[in-house]
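Working notes, beginning with the structure itself.
The values are calculated or read from the model by the stated rules, or taken from the named source; none is laboratory data. These numbers were taken from a predicted model, which means no experiment stands behind them. FYI the Cβ positions are ideal-geometry reconstructions off the backbone, even for glycines, and counts take in every protein chain you see. Side chains included, ligands, DNA and RNA excluded: accessible areas come from the protein's heavy atoms. Shrake-Rupley method; radii C 1.70, N 1.55, O 1.52, S 1.80 Å.
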Amino acid sequence: MSYAEAKAKYAALGVDTDRAIEILKQVPVSLHCWQGDDVRGFDTDPSKPLTGGIQTTGNYPGRAQTPQQLMDDLDMAMKLCPGTKKMNLHASYAIFADGQWADRNALEPKHFQKWVDFCKERGLGCDFNPTFFSHPKANGLTLSSTDEQIRSFWVEHGKACIRIASYLAQELGQPCIMNIWTGDGFKDIPADRMGPRMRYKQSLDEILSEPYDFEMVKPCVESKVFGIGVEAYTTGSAEFALSYAAMNKEKCIPLMDNGHYHPTEVVSDKIPALLTFFPEIALHITRPIRWDSDHVVLLDDETQEICKEIVRCGGLEGRVKIALDYFDASINRIAAWVVGLRNVQKALLRALCMQDLTDLQNAGDFTSLMVMQEEQKTLPFGHIWEEYCAQCNVPADGQWLGMVKEYEETVLKERSSL
Ligand code: RNT
Ligand code: ZN
């Protein structure tokens, strides 16, 4: 079957696949730099373990250890993925000129100039994240700490990151989504659940008092249900983060990571709920397994349903900011990036090629609704996907893994096994 034949099958159902392809080409999806080096960054000793609620497992050879290596790997990953990409950096990826190391509270736009150059050369926008983990001052609570010195250190970090986000947005001419996530919480039953939340709120207020143009810098607050080492209590719970965003709509937006909810809760259903109230929301697309997030995104039912909701709710017109968030150190890291990003692109394209069956729902014809939803699953989507890849000048399925393996042989294997 050719693209023309597949297109005709969709057209018979009233779906314009050419239009779907054109729409998707314009939608930015943020690629998280941290898949390339197991979330280590460049500002702390790479031999030290990650702390503060983040953990990677696996030691597949070839981890990027320098800014240049990470940029090379990002280039490799991006050239194998269709669509508009955006970079997503963490503050810990600051690039220091020799001897110019700066602590997190003292980071400046200049420490991200090399990333700006990287993005400019490739026509990319850039999102940003303060890094409230993997640091000597992140061994306990950060923004919700009772230790005023620690808390204010991290508030200063947050403010520095707003200035950096403004710089990125201005230089690259695209809004910068700046996501605040902390792993603050307790391993076991706390005596005081509210105190840390009051302090977290105060810290967020202080960070967001740093001036910025809300059109260009979009601070988000990301919630979490629990994390490694903080099994009993998370300061930034779902209710906390969502309430903060709702009460401060003029200066921040909520961010949902689909690995951060109880296993039977689904972010797909939360998207329309939030869009009923918030003009804009942000997402971290990941894959939860059992008790934690951060596995490589697959083309599974929930990824598909999330993308369907993004499309149905008008999210592609800028209301939903889409980013990836996972880190797998047990397989080739570039393949991990590529398969996850291609899967999100596939799920979005499939969603754009679905019939809108709202009329059946409104007419109460749930029989037809079920049958027609099911029958769409066997439409010849592969041909639409292949056409999209061809138009974007990237390899089709079956043609990119060999390139990654070759890059592994020629580039990754040459790297030290630190
Ligand atoms: C952690 C959060 C957070 C991080 C990144 C590195 O559970 O999902 O978004 O993954 O900031
Ligand atoms: Zn996340």
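Things to note:
- Of all residues making up segment 17-49, the number that are charged (D, E, K, R) and either at pLDDT below 90 or open to solvent by 60 Å² or more (accessible area, probe 1.4 Å) (or both): 5
- Residues that are buried (at least 18 other Cβ atoms within 10 Å of the Cβ), assigned to a loop (DSSP other than H, G, I, E, B) and of a type outside the set (Lys, Arg), drawn from segment 56-70: Thr56, Gly62, Ala64
- Candidate set from segment 284-297 (those that are at pLDDT 95 or above and in contact with a strand residue (DSSP E or B) (Cβ under 6 Å, 6 or more places away or on another chain)); member that is nearest to ligand 2 (Cβ to nearest atom): His284
- Residue within segment 214-226 that is open to solvent by less than 20 Å² (accessible area, probe 1.4 Å), free of Cβ contacts under 8 Å to residues at least 40 places away in the same chain, within 14 Å of ligand 2 (Cβ to nearest atom) and under 24 Å from Thr56 (Cβ atoms) present: yes
- Candidates Glu250, Glu231 - the one that is at pLDDT below 95 and surrounded by fewer than 16 Cβ atoms within 10 Å (Cβ to Cβ): Glu231
- Enumeration of residues in segment 139-178 that are within 10 Å of Val217 (Cα to Cα) and not aliphatic (A, V, I, L, M): Arg163, Ser166, Tyr167, Gln170, Gln174, Pro175, Cys176
- Hey, Tyr388 touching a residue at least 24 places away in the same chain (Cβ under 8 Å), hydroxyl-bearing (Ser, Thr, Tyr), closer than 24 Å to Cys176 by Cα and open to solvent by less than 40 Å² (accessible area, probe 1.4 Å) or not: no
- Strands (runs of 3 or more DSSP E) enclosed by segment 168-275 - at least 1 residues per element that are farther than 21 Å from Ser152 by Cβ, away from ligand 1 (no atom under 16 Å from the Cβ) and among the β-branched types (Val, Ile, Thr): 217-222
- All positions within segment 85-112 that are open to solvent by 50 Å² or more (accessible area, probe 1.4 Å) and either assigned to a loop (DSSP other than H, G, I, E, B) or more than 23 Å from Ile180 (Cβ to Cβ) (or both): Ala97, Asp98, Gly99, Gln100, Trp101, Glu108
- Consider segment 276-334 and keep the residues that are among the small types (Gly, Ala, Ser), more than 16 Å from the chain's Cα centre (by Cα) and away from ligand 1 (no atom under 16 Å from the Cβ). The one that is farthest from Pro28 (Cα to Cα) is Ser330.
- Any chance Gly52 is within 16 Å of ligand 1 (Cβ to nearest atom) and at pLDDT below 95: yes
- The residues on offer are Ser223, Ser203, and the sole one that is within 20 Å of the chain's Cα centre (by Cα) and of a type in the set (S, T, N, Q) is Ser223.
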